[in-house]
Each structure stands twice: as structure tokens, then as C-alpha cells.
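The values are calculated or read from the model by the stated rules, or taken from the named source; none is laboratory data. Since this is a predicted model, take the numbers as computed values, not measurements. Glycine also receives a Cβ, built like all others from the backbone with ideal geometry; neighbour counts cover every protein chain displayed.
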Amino acid sequence: MRSVASTVLTLVLFATYLGIGALAHDTHFSLGWVLASTALVWAGPAQIILISTLGSGATVVQAAIAVTVSASGCFRCGFGIADDRTPQTKRRHLLLVTHFIAVTLWVECYRLLPQCARAAHRLHHGLGVGLLSVCLVATAIGYGLAANLPQLLRLRSCC
């Protein structure tokens with residue numbers, strides 16, 4: 001958790017998820033839906049694609065294809081986690097870690113892994129839970145800010 005508090009990437013994620021919360025509000029998704037989306041998808045670009053495609057009237061299948069294509073870039077990040085596997089590693093631990101694969105986490109792990117290589121799976125879990133928690137809080141704040149923004153400050157589309 002100290003690592004989550006000490007990286008500038010936490011601020012970047014916080015700002016990103018403020019926007020995602022506001023976008024979800026403006027496209028008429030519920031707070032529960034967007035929080036579940038943040039917890040399950042946990043990738044800013046993929047969430048923007050998901051919200052904008054579903055908000056524009058696309059089907060769930062079309063949105064799922066678009067999100068899957070956008071997430072394919074993180075596929076190679078998973079190989080770094082596979083390198084950490086030992087004979088004692090349980091499959092359920094790898095499944096939890098794979099949910100936390102994101103570019104932000106990947107970058108932070110490469111910064112921090114030389115300091116604690118023997119506890120790599122704990123580093124993945126700790127950073128993942130910490131960063132995801134920040135994202136959930138920011139999503140809720142962004143959603144709430146968008147809901148309470150004065151009419152004068154709301155951006156209206158001219159089309």
C-alpha cells in the first residue's frame with residue numbers, strides 16, 4: 001500500500017477514473033453499474049469503450065468485442081506473471097493476479113520487483129488491490145461530481 005501512495009501513477013488513475021465516473025453518469029448508467037464495471041474491467045480505455053458503445057446503442061456483443069480487442073495489448077503483460085510461477089504456486093493465485101494485469105500495474109511492478117523479487121505475487125496482489133481501490137473511489141467521486149454539477153458548468157453537445 002505504501003507503493004500505491006508513493007507513485008504518481010495513482011494520481012493519473014484517480015484523474016482518469018473521475019472522468020469515467022462522470023462519463024457513466026452523463027450516459028445514464030447507474031453508480032452501481034459503473035462501480036461493477038470498474039471492478040470487473042479495470043482498464044480505463046476499455047471502460048471508456050464499454051460505456052461509449054453501450055451508451056450509443058450498440059449491443060452487448062458489439063461492446064464485448066470492442067473491449068476485448070482493446071485489451072489484447074495487455075496480453076504480453078501476462079507473460080511476466082507466468083515467469084513468477086513456482087511449483088508451489090496455486091492456480092487460484094494466478095487467476096487473481098491476472099485480473100490485476102494492467103499497464104499501470106505492469107510498469108510499477110518493473111520498478112518495484114528488483115527490491116522484492118521473492119514476493120512477486122504479493123506485490124501484484126497489493127498493488128492491484130490498492131490501485132483498484134483508488135479507481136473505485138475516484139469513479140464514485142466523479143459520478144457524484146457529475147450528478148451535482150451546476151447547470152451553468154455542464155457541457156452540452158450542440159448536435
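Computed values, structure above
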{"item": "Test result for Ser56, at pLDDT 85 or above, in contact with a Phe, Trp or Tyr (Cβ under 9 Å, 6 or more places away or on another chain) and hydroxyl-bearing (Ser, Thr, Tyr)", "result": "no"}
{"item": "Pairs with Cβ under 9 Å, 6+ apart, first in the stretch 132-149 and within 15 Å of Leu11 (Cβ to Cβ), second assigned to a helix (DSSP H, G or I) and of a type in the set (D, E, K, R)", "result": "none"}
{"item": "Condition check for Leu145: buried (at least 18 other Cβ atoms within 10 Å of the Cβ), modelled with pLDDT of 70 or more, of a type in the set (A, V, I, L, M, F, W, C) and part of a helix (DSSP H, G or I)", "result": "no"}
